[in-house]
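Shown next, in structure tokens, is the structure this report addresses.
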Amino acid sequence: MSLATFADLAQLLAEVFLEPDTDLGPDLEAALAASDGLSPALRGPLAQIVAASLDDQDRSVEYARLFLHTLEGDPVHLFASVQARGHHQAPDILGPLKAIHDEADLSLQDDLGVPPDHLGLELACLSAILGQSLDASDPLEEERLRALALRLLREHLRPLSDAVARQLPSAAPAPYFQAAADLVAGLLDELDRELAVI
């Protein structure tokens, strides 16, 4: 699978976890229609997301129930700081993540209001770094960016994705969000293997 496809899927998943009010149905259907080259570990969850689409209101309500506030227990936190340290904006999580942003010359919008250790923003960062590596004209710069993407994946995205994947089933998620989490896990596994041999 091409790095461009990895970048596109990472961006699409970033939007799933960042923008529950946005109807991504057409984009998900287009990704599925173009998925002939995807492995079953990616094509299966992608097909499930498309098949289990939710209307705008149901998607927003389910997102809030799973990730923002629940009637029983704790929500499934999409922030690495909360998963690793039990509170938002842990400096030992945000510092290394900011270093990756700086090395990739990426910055977040000032008015975004979402810390950079959110699963969706980490996926968006991964997509941006992969895109930069594809656009690099210098082979050394391309190699540096791919190594940076691998570092983001292994040190930040993988632990966060694994924590979310462990907690999500106990919250009885709608198939849409379970499939999205499964797709993140599959994407990270395959991208890790791809980047490790470069």
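Structural remarks
- Tabulated pairs, segment 1-20, first touching a residue at least 40 places away in the same chain (Cβ under 8 Å), second buried (at least 22 other Cβ atoms within 10 Å of the Cβ) and β-branched (Val, Ile, Thr), C-beta under 7 angstrom, 6+ apart or interchain: 13/184
- Inspection of segment 134-141 identifies at least one residue that is surrounded by fewer than 17 Cβ atoms within 10 Å (Cβ to Cβ), without any contact (Cβ under 8 Å) to a residue 12 or more places away in the chain, aliphatic (A, V, I, L, M) and over 15 Å from residue 183 (Cβ atoms).
- Among the residues of segment 167-198, those identified as surrounded by 16 or more Cβ atoms within 10 Å (Cβ to Cβ) and outside any helix (DSSP H, G or I) are 173, 174.
- Restricting segment 90-128 to residues that are in a helix (DSSP H, G or I) and of a type in the set (D, E, K, R), the residue that is nearest to residue 19 (Cα to Cα): 122
- Test result for residue 122, open to solvent by less than 60 Å² (accessible area, probe 1.4 Å), modelled with pLDDT of 95 or more, over 22 Å from residue 47 (Cβ atoms) and in contact with a His (Cβ under 6 Å, 6 or more places away or on another chain): yes
- Residue count for segment 148-166, restricted to those that are surrounded by 16 or more Cβ atoms within 10 Å (Cβ to Cβ) and either hydrophobic (A, V, I, L, M, F, W, C) or modelled with pLDDT under 95 (or both): 9
Every residue, every condition in (1) closer than 30 Å to residue 136 by Cα; (2) open to solvent by 50 Å² or more (accessible area, probe 1.4 Å), yes or no:
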| residue | (1), (2) |
| --- | --- |
| 2 | yes, yes |
| 24 | yes, no |
| 31 | yes, no |
| 37 | yes, yes |
| 51 | no, yes |
| 70 | no, no |
| 86 | no, yes |
| 91 | no, yes |
| 114 | yes, no |
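- Qualifying residues in segment 39-87 (those that are β-branched (Val, Ile, Thr) and either out of contact with any Leu (no Cβ under 7 Å at 6 or more places or on another chain) or assigned to a loop (DSSP other than H, G, I, E, B) (or both)) - the one nearest to residue 2 (Cα to Cα): 76
- Matching residues in segment 4-22 - criterion: being among the aliphatic types (A, V, I, L, M) and surrounded by 15 or more Cβ atoms within 10 Å (Cβ to Cβ): 7, 9, 10, 12, 13, 14, 16, 18
- Per-region count, segment 111-137, residues of a type in the set (Val, Ile, Thr) and under 14 Å from the mean Cα position of the chain (by Cα): 1
- Failed item in (1) free of Cβ contacts under 8 Å to residues at least 60 places away in the same chain; (2) part of a helix (DSSP H, G or I); (3) farther than 27 Å from residue 194 by Cα, with residue 27 passing the rest: (3)
- Selection from segment 75-100 of residues that are touching a residue at least 12 places away in the same chain (Cβ under 8 Å) and either farther than 17 Å from residue 160 by Cα or of a type in the set (Lys, Arg) (or both): 98
The values are calculated or read from the model by the stated rules, or taken from the named source; none is laboratory data. In this text the structure is predicted, and so the values were computed from the model without any measurement. Heads up, the Cβs are rebuilt from the backbone with ideal geometry, glycines too, and the neighbour counts pull from every protein chain shown. Areas reflect the complete protein model, heavy atoms only, side chains present, ligands, DNA and RNA absent. Shrake-Rupley method; radii C 1.70, N 1.55, O 1.52, S 1.80 Å.
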